Amino acid sequence: FAVPGAFAPTCSARHLPSFRDHLADFKANGVDVVACTAVNDHFVMGAWAKDQHVFGEIVMLADGSGEFARAVGLDADFSKFGMGPRSKRYSMIVKDGVVSQVNVEEGGEYKVSSAEYLLGQLS
């Protein structure tokens, strides 16, 4: 799953915690790895993992320059919020290197990228 930025309000209060709280449910549904990406450097992602108590549990993928977000067409301009280029908020299912599902939030919402929504797609 992807968030616009580590330590951002919705990202820290709802998005990452939803995946942390449902790690066992993902494992029970055959998920090997839960990963989070954000347009932040690896130092920030590491600090955020420790702050959110997911260090070693959720793989934190730093996309420091936003190259991955751009490459998959899920980049966003958050300049009006003072954040610059970022990633859209989304979740995806990847099996054996093939993306089978992508859930992209629109208009600042937080629904289809949640752990609960993604778990419903796995069942």
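Mind jotting down the distance between the C-alpha centroids of the range 83-123 and the range 1-57, whole Å?
Cα centroid to Cα centroid, the span is 13 Å.
Grab the beta carbon distance between Ser100 and Thr10, set R0 = 22 Å, and tell me the FRET efficiency rounded to 0.05.
E(calc), rounded to 0.05, equals 0.30.
Using a simple spin-label model with points 7 Å from Cα along the Cα→Cβ vector, what separation in nm is obtained for Val72 and Ala28?
2.6
Could you report the chain's accessible area per residue, 1.4 Å probe, as an integer in Å²?
Numbers: 6800 Å² over 123 residues.
Per residue, the chain has an accessible area of 55 Å².
Could you work out the relative contact order of the chain, using alpha carbon pairs under 8 angstrom and six or more residues apart, expressed as a whole percent? List each step's numbers first, then the result.
Details: 191 pairs, mean separation 33.3, N = 123.
Rounded, it is 27 percent for the chain.
Whats the longest run of the chain with zero GluC sites (Glu not before Pro) that are DSSP loop and have at most 16 other Cβ atoms within 10 Å? All intermediate terms of the calculation are to be shown ahead of the outcome.
On the way: sites that count: Glu57, Glu106, Glu109.
Segment 1-56 is the longest.
Ignoring ligands, DNA and RNA, please state the percent of accessible area on the chain from carbon and sulfur, probe 1.4 Å.
Result for the chain: 54 percent of the exposed heavy-atom area is carbon or sulfur.
Using a 1.4 Å probe and ignoring any ligands, DNA or RNA, find the accessible area of Phe43 and quote it in Å² to the nearest 10.
Accessible surface of Phe43 is approximately 150 Å².
Can you give me the angle between helix 42-51 and the longest principal axis of the chain, using Cα atoms only, in degrees from 0 to 90, rounded to the nearest 10?
Long axis of 42-51 versus the principal axis of the chain: about 60 degrees.
What lysines could a cross-link reach from Lys95, if we take a straight Cα to Cα line under 30 Å and drop same-chain neighbours fewer than 8 places away?
Correct list for Lys95: Lys27, Lys50, Lys111.
Please compute one quarter of the surface area of the Cα convex hull for the range 6-69 and express it in square nanometres.
Across all orientations, the range 6-69 yields a mean hull projection of 4.3 nm².
Given N residues in the range 65-123, what is its alpha carbon radius of gyration divided by 2.2 N^0.38 Å?
On the way: Rg = 12.8 Å, N = 59, 2.2 N^0.38 = 10.4 Å.
Taking the Cα Rg and dividing by 2.2 N^0.38 Å, one obtains 1.23.
Kirkwood hydrodynamic radius, the chain, all distinct C-alpha pairs: what's the number in Å?
The answer is 14.4 Å.
Which FRET efficiency, nearest 0.05, do Phe81 and Val112 yield, Cβ-Cβ r, R0 30 Å? The partial results should precede the final answer.
Values: r = 21 Å, r/R0 = 0.70.
For R0 = 30 Å, the calculated efficiency reads 0.90.
Which value, in Å² and to the nearest 10, is the accessible area of Asp32 when all protein chains are kept and the probe is 1.4 Å?
130
The values are calculated or read from the model by the stated rules, or taken from the named source; none is laboratory data. Quantities reported herein were computed from a predicted structural model and do not represent experimental measurements. Note that we place each Cβ from the backbone using ideal geometry, even for glycine, and neighbour counts take in every protein chain shown. The area values use the complete protein model at the heavy-atom level, side chains included, leaving out ligands, DNA and RNA. Shrake-Rupley method; radii C 1.70, N 1.55, O 1.52, S 1.80 Å.
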